[in-house]
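Notes to accompany the following structure.
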Amino acid sequence: MSDALIRSRDGIVGQWRAPTAIPDQLDLEDSSNLDRWSPWVRAAIIDAEMVSRLGFTLEDATMNPRHMAVWHLEVPTPAGGNAPAPTYKPLILMARPTQDIFEAQLTLVNNYAELRGDRQSEILAQIGGGMAFLSSIAQLHPDRTPHTLELLAAVLRLALFVHLRLKQGLACRRPLEYSPQIQPMIATPAHGALPSGHAAEAFAAALVLWNVMRAEARPGYDSADWRTQLLRLASRIAVNRTVAGVHFPVDSAAGAVLGLTLGHYLVKRCSGATGYRAWRFEGPKYPEDADFTWHDLYDVTAENLSSMQGASAYSVEYAANDQVIDPQHKSYVLTWLWDKAKAEWT
């Protein structure tokens with residue numbers, strides 16, 4: 001093809017003539033420029049917008065090394081070319097469960113193994129994620145909803161970035177490291193167990209998808225039926241990883257709290273809302289014999305994570321009030337993607 005193009009130009013180009021009219025320069029930092037770029041280029045720009053606003057620390061205010069904290073970075077636009085004065089605001093805090101909790105949960109992992117024959121096809125299909133399963137609920141298709149798929153891909157990359165960093169910090173062993181009888185039905189991933197990445201990604205994607213579907217107020221999409229089905233699917237994807245033998249139920253609970261927190265956070269950032277709610281997962285308070293039940297963590301009616309009460313409250317609000325995002329600092333890149341995606345659901 002290169003040779004053909006060279007020969008074609010040689011045959012038609014003629015004598016060089018300076019152009020008589022040239023296009024104006026593109027506007028600086030303008031959202032309309034995003035329409036011009038390839039999807040993979042936009043993905044890199046979107047990732048920079050998301051990831052550059054996050055920070056991680058290993059300890060909380062009590063200097064407890066069991067905690068890993070994720071922070072939102074607020075970066076105001078400085079005047080006169082001066083350096084910005086950023087501030088960190090809490091997003092999520094996660095504490096590693098005790099050894100006794102993991103040991104006690106082995107019984108649940110063993111019991112779930114009886115479902116492997118029934119769930120085999122699902123488990124294998126979901127190794128790389130659950131997008132096809134989301135598409136069976138919402139009408140996702142590259143020709144019909146390209147920007148929604150672009151948004152969901154961004155959600156999954158954000159969740160991946162955060163949960164892998166938390167896995168590194170919390171360093172939780174997988175079930176098969178505790179017992180030779182677990183014998184997972186798939187290869188155990190070569191990274192930590194808690195929080196479950198499949199749970200984090202599935203719940204974040206489900207929450208963002210439902211919010212973008214209902215953003216244009218089309219009749220029906222605001223129904224609890226839609227969000228319930230999407231969240232049930234996220235739960236099933238998470239539980240399937242325990243059935244497979246690669247996760248404890250507590251991993252899924254931590255992953256769900258992370259995914260729901262990130263989902264709400266990203267919706268707020270994309271839609272230009274003024275605040276988000278920070279959350280914490282207290283692993284040492286997780287009941288040793290507790291299975292993963294998603295509706296214990298999320299209130300479908302209130303559309304928010306449920307703040308538990310009492311000594312065993314392992315999922316609670318991190319701060320007393322919503323964390324404020326200054327509207328002047330909203331990301332036009334994320335807003336562009338959100339607006340493009342929601343227009344596909346009118």
Please list, ordered by chain and number, the residues whose modelled amide H lies under 5 Å from the amide H of Tyr318; skip anything fewer than 5 residues away on the same chain. Ala278, Trp279, Arg280
Consider just the alpha-carbon atoms of region 83-233 and return their Rg together with their Dmax, both in angstrom. 18.4, 59
When only DSSP loop residues count, what GluC sites (Glu not before Pro) in region 1-72 have their Cβ near at most 14 other Cβ atoms within 10 Å? Glu29, Glu59
At q = 0.12, 0.13, 0.15 Å⁻¹, what log₁₀ I(q)/I(0) does a Debye calculation on the Cα points of the chain give, no solvent, two decimals? -0.87, -1.00, -1.28
Over the chain, with a Gaussian network built from C-alpha contacts below 10 Å, which listed residue (Arg42, Arg277, Arg241) shows the highest mean-square fluctuation? Arg42
Shape of region 222-321 from its Cα gyration tensor (a ≥ b ≥ c, root eigenvalues): rounded if a/c is under 1.5, otherwise prolate when a/b > b/c, or oblate? oblate
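Using Cα pairs closer than 8 Å and at least 6 residues apart in sequence, work out the relative contact order for the chain, in percent. Write out the running numbers ahead of the final one.
Values: 557 pairs, mean separation 73.9, N = 346.
This gives 21 percent for the chain.
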Show me, bin by bin at 5 Å from 0, the whole-percent P(r) of region 250-300 based on Cα pairs. 4, 18, 27, 21, 15, 9, 4, 2, 0
Going fewest to most other Cβ atoms within 10 Å around each Cβ, Glu74, Glu103 line up as Glu103, Glu74
Per 10 angstrom bin, beginning at 0 and ending with the bin that holds the maximum distance, the Cα pairs of region 1-131 fall in percents of 8, 14, 20, 20, 14, 12, 7, 4, 0
Counting only residues 5 or more apart in sequence or on a different chain, those whose built amide H sits under 5 Å from that of Leu194 are Cys172
Here P(r) for region 156-205, Cα-Cα distances in 5 Å bins, as whole percents, is 4, 22, 26, 22, 16, 8, 2
Excluding near-sequence neighbours (fewer than 8 apart on one chain), the chain holds lysine pairs with C-alpha atoms under 23 Å apart numbering 9
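Every number in this text was worked out from the coordinates using simple rules, so none of it is lab data. This is a predicted model, so every value here is computed, not measured. Heads up, the Cβs are rebuilt from the backbone with ideal geometry, glycines too, and the neighbour counts pull from every protein chain shown.
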